[in-house]
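These notes concern the structure reproduced below.
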Amino acid sequence: DWTGKIKNAIASNHIIPVYQPIVNRNGEIIKSEVLMRMLELDNNDGYTLISPDKFLEVAIVTKQYPKLFSLMLDQLLREVK
């Protein structure tokens, strides 16, 4: 089931970066880390963010991870630019 979901997410460009701030002791944001998420259509015609613990292992085993990584890197570089 996840193999197909990953394939569809890649084809639909539903692999997205999510930024998590990293703060210092004073609560100031000093940098961010980029996290991979998959968008999945929910029952209300909206989207749910799916964390990699649900799909990453399957992506690695089915050799879809390099494409996921490439999509994330492309999106990140476009946003940084």
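The values are calculated or read from the model by the stated rules, or taken from the named source; none is laboratory data. Computed from a predicted model, the values in this text were never measured in an experiment. When we count neighbours, we look across all protein chains shown, and the Cβ atoms used for this are built from the backbone with ideal geometry, even at glycine. What goes into the accessible areas is simple: the full protein's heavy atoms, side chains included, and nothing from ligands, DNA or RNA. Shrake-Rupley method; radii C 1.70, N 1.55, O 1.52, S 1.80 Å.
Quote the relative contact order of the chain in percent (integer), defining contacts as alpha-carbon pairs under 8 Å separated by 6+ residues.
With pairs under 8 Å counted, the relative contact order is 30 percent.
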Rounded to one decimal in nm, the spacing of the 7 Å Cα→Cβ label points at Ile60 and Ile29 is 3.0 nm
In deg cm²/dmol, rounded to 500, what helix-only [θ] at 222 nm does the chain give when every DSSP H run of at least 4 residues adds -39500 (n - 2.57) and the total is split over its residues? -12000 deg cm²/dmol
Rolling a 1.4 angstrom probe over the protein heavy atoms, how many square angstrom per residue are accessible across the stretch 1-49? 73 Å²
Could you look at the stretch 8-81 and say what percent of its accessible area is carbon and sulfur, using a 1.4 Å probe and all protein chains? 53 percent
